[in-house]
Structure formats: C-alpha cells, structure tokens
Amino acid sequence: MDTSGVMLLARTKDAERFLHKQFREKLVEKVYYARVWGNLTHGESGRIDLPIICDWPNRPKQKVCHETGKSSQTRFECIGTRNFASTVRLIPETGRTHQLRIHMDQLGHPILGDDLYGTPESFGASSSLQLHAANIKFTHPELQQKVQYEVKCPWDA
C-alpha cells in the first residue's frame, strides 16, 4: 500500500480471473525503482534468490526461511548513487508479499522510509517508502494483446 506508481485493477470477475492466471503463470512483467540505504556501485547487478514466509508472530512482516519459505527471486541493478543512498531498478521474477523490501534488506540496503524492514537510519531518511512501481506489461483481458503502462518515477531514476 505504501508503494507509489502503476496499479492494476480488474473491472469484471472474468478480467480478474484472466489477470490472476497471468500472475500465477509469471507472464506479467513488472519494473520497480527503489532508493536504498548505502552506496552500491553504479551498474552493479545481480539476482537475489531467498525463500520467504509469513512471520506469524510479527505480522504483517514476512521473513526469509530456508526450511519452509516459498521461492522468491528478484533481479536488481544499481542505476545511480547520491550521498548516502543508491537508486536500484528491481525486476521481481516472483510476487511474494514484501519481496522487494525483504530482498533489499537482506542485501544490507534497506529501502528508504521502510518502517517494517529498515534500520532507524534508513527509515528516518525519508518520510515515505521510496519504492515505485514504474512499469507493468501484460495481456489485456478484452483486447487480448500485450499492453504496457508506465508511471514516471517521482525522483531521479
């Protein structure tokens, strides 16, 4: 709910089923931008592969659990660094709850303004969560063709 940017809503139950199927089959392409605590090297990239599960005693938090967690993968690339923060492009390959927030925290670079996974410094560095859903690409339920929507990032990305 704290993420800014593009949002996808179905207008009918049939459209909802059609879209859910695409998400389930990993056919929806998404791109996010985040400002994270600390300096990554410009161009640094990689793939994060950590299993995530609900942290029941601390809901709504999720946690990494190698025994019972569900598979989750995110590709990342640093596209800029300024002062104490870096801007990263994030491409989730799966869609787990809080996946991007957890993955960046596990890298040691929590998202600025993150009240659940951030450190006191990273949380205090911004008055809002610096995570932006910039782009989504999917097959439109009525048009039956690929469509793409983009919302410009509110900070330099």
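Estimated from helices alone, the mean residue ellipticity of the chain at 222 nm is -4500 deg cm²/dmol (sum of -39500 (n - 2.57) over DSSP H runs with n ≥ 4, per residue).
Between the range 89-157 and the range 1-68, how far is it from one alpha carbon centroid to the other, in angstrom? Each part reduced to its Cα centre gives a spacing of 7 Å.
Would you please name the chymotrypsin sites (Phe, Trp or Tyr not before Pro) within the range 26-129 that are DSSP coil residues with at most 15 other C-beta atoms within 10 Å of their C-beta? Let's see the in-between values first.
Working: sites: Tyr32, Tyr33, Trp37, Phe76, Phe84, Tyr117, Phe123; in loops: Phe84, Tyr117.
Of the chymotrypsin sites (Phe, Trp or Tyr not before Pro), the ones in loops of the range 26-129 whose Cβ has at most 15 other Cβ atoms within 10 Å are Phe84.
In the chain, if the dipole is taken from +1 on Lys/Arg beta carbons and -1 on Asp/Glu beta carbons about the Cα centre, which of His98, Thr87, Phe123 is farthest to the positive end? Looking along the dipole axis, the top candidate is His98.
What's the magnitude of the charge dipole for the chain around its Cα centre, counting Lys and Arg as +1 and Asp and Glu as -1 at the beta-carbon? Answer in Debye, nearest 20. Don't jump to the answer; show the numbers that get you there.
Numbers: 21 positive and 18 negative charges, 90 e Å.
That gives a dipole near 440 debye.
The alpha-carbon of Lys63 sits under 23 angstrom from the alpha-carbons of these lysines, leaving out residues fewer than 8 places away in its chain: Lys26, Lys30.
Computed extension length for Lys61-Phe23: 11.5 nm, one decimal, from 0.36 nm per residue of separation with the Cα-Cα distance subtracted.
Each reported figure results from applying straightforward, stated rules to the coordinates on display, with no laboratory input. The shown structure was predicted, so the numbers you read here are calculated from the model rather than taken from an experiment. Please note: Cβ atoms are built from the backbone with ideal geometry, for glycine as well, and neighbour counts cover all protein chains shown.
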